[in-house]
Structures are given as structure tokens and as C-alpha cells.
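I have placed the structure first, in the form of C-alpha cells, so that the comments after it can refer back to it.
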Amino acid sequence: MLANRPTQVIAFAGGGKATGRTTLAVQTAISLARSRYRVILVDENSGPASAMGSLEIEDTGDLVDALIAGTPLEKIIWKVGPNLWIASAKRTAALLSVDSPKAMEIAATLMAPLESAANFVLIDSLVLDSGQLSLLSAQAHHMVVVVSATPDAITSAYTVIKRLVKERGRDGFHLAITHAHSHMEAATIYDNVRKTAQRYLKVRVDFLGSLPFPLPDNLSDIFLSCLPIISSNSATRYATTSGRKK
């Protein structure tokens, strides 16, 4: 069954501050690994609140070192536990912040061995100072926008989605809402984001779920049931196109 499922690349982007994005990415990786999927978690962030920091993994290398310094990937990708590995990509994200044919080539080169080694590649994405995501995150088959149920949640989520539509050509998103006081509150936030994105951007936003903290144990089931299987080739247009497709 696993052999017949194409590798899925999922990027987690934060719609605002303190959304719980990193926690969701880490716990989803752990849940999928416990379900016996091979998972590589790519961390574009730094500091104790990053994915590597929360897992207490020392950052001693970066994915881009495989190209710049010829460092073997096995010295960059650290095993966290059964079926779960993690790699730092904070310098990679900075390097791939500006679109260019060379940057796109680097992003594709770095992603290829990860996809061949795992069932799922999860990216805890960094929103750069320029307000965009790296080309590494842009290759993801699925883009999960994580939004905290706060008064500015709708504005924050829509801003992230709009930026990814205009700068990365994304045409589909999944919304995960955290810290909602009720399912009704989460449903209202989702409905407003969905309608606004459809009306002004002509893109689809699907509801991944309303996720409480602490997170539920069945995160892998949520992802497997909500995220459609997408061919590995389908992300090429995001990695090789700047701006929205005509």
C-alpha cells in the first residue's frame, strides 16, 4: 500500500503569529511516523521554538550543505525515532528566497532525494522578511495555512493566501484552525476565508480541521482522509513558475 502511494510534500505556513504551526507540523510528523509512514520533517526556522528546537535536535548542518560543501545527506538528516527524520533548512530558505532559474534548480535538486526516501515530506515553512515563502516550500503538493482563532485571523490567513497566489501561483489551500473555542467559531472563520479567497482570488480553500491543544492523537488519520493523493509531478508548476498562472 505504501509503495503505491506517491510521496506527499506538505508545507505548513502560519497565518499570523502564535498559530501553533510548528507544533502542528511536528506532531503530524510524529503521528504519521507512528502509523508506519516514513517521514522527513524539514525545518526552515531557527531557535528553541523551531521544530528542531522542540525536538531537542542540535542544528549542526543544513540541506544546502549537500550542494555547497558536498556534505552527505546522512550527516544532515537526523533520525528522531522509528520512521522519522528531521533536517534543518534555515540557510536553504534564505538562499532560495529570490526566484531565479538557478534557485529553482537548487530547490528541485534538494527535494528529489527527500521525496525518494520518504512517504511524507513535511516542511515547517519560514515566512521571510519579504513576506514570501522559499522556493523549497513552494514545491509542496499541499499548502496548509495554520490560523489561530483570534480577531485578526481572517485578515492574516487571507494575506498569506493572497501572497502565495500572486507570488507562487498556488491555486489550492487547506486551512487548519487552532485555539478555537468551539467548532462553530472555527467554521465561521473558515467560511469567511473560503468565501473571500473564492471571490477575490478565484482559488479553493478546503477545511483541514479545527485542532485543539493539546493536539489529538489521530492527526495521521486527519491528513490521510483530508488531503488527496497528488502526483509528485504536479508540484512542478509551483517550483518553476513565478506569479499566478494564466
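Read-outs throughout are calculated quantities, based only on the coordinates presented, and are distinct from any laboratory measurement. Since this is a predicted model, take the numbers as computed values, not measurements. Positions of Cβ are backbone-derived with ideal geometry, glycine not excepted, and every protein chain shown enters the neighbour counts.
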Exercise for the section: Report the local net charge at W78: Lys and Arg +1, Asp and Glu -1, summed over other residues whose C-beta lies under 15 Å from its C-beta. Expected result: -4
Completion exercise
So, with points 7 Å from each Cα along the Cβ direction, the K162-D206 label distance in nm works out to 2.5 nm
Fill in the blank from the handout: In Å, the C-alpha Rg and Dmax of the stretch 32-137 are 13.2, 38
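Rounded to the nearest 500, what is the 222 nm mean residue ellipticity of the chain from helices alone, with -39500 (n - 2.57) per DSSP H run of 4+ residues and division by all residues?
Per the formula, -11500 deg cm²/dmol.
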Practice task
Run the quick spin-label model on T71 and H181: label points 7 Å from Cα toward the beta carbon, then report their separation in nm to one decimal.
Solution key: 4.7 nm
Practice task
Using DSSP, restrict attention to beta bridges with both residues in the chain and report what percent are antiparallel, rounded to the nearest 5.
Solution key: 10 percent
Problem - F207 long-range amide H proximity, modeled H, under 5 Å - result: L175
Problem - Principal axis dimensions, the stretch 1-66 - Cα atoms, whole angstrom, descending - result: 37, 30, 19
Practice task
Would you give the gap between the C-alpha center of the stretch 13-50 and the C-alpha center of the stretch 180-207, rounded to a whole Å?
Solution key: 23 Å
Practice task
Using only the alpha carbons, work out the radius of gyration and Dmax of the chain in angstrom.
Solution key: 16.8, 51
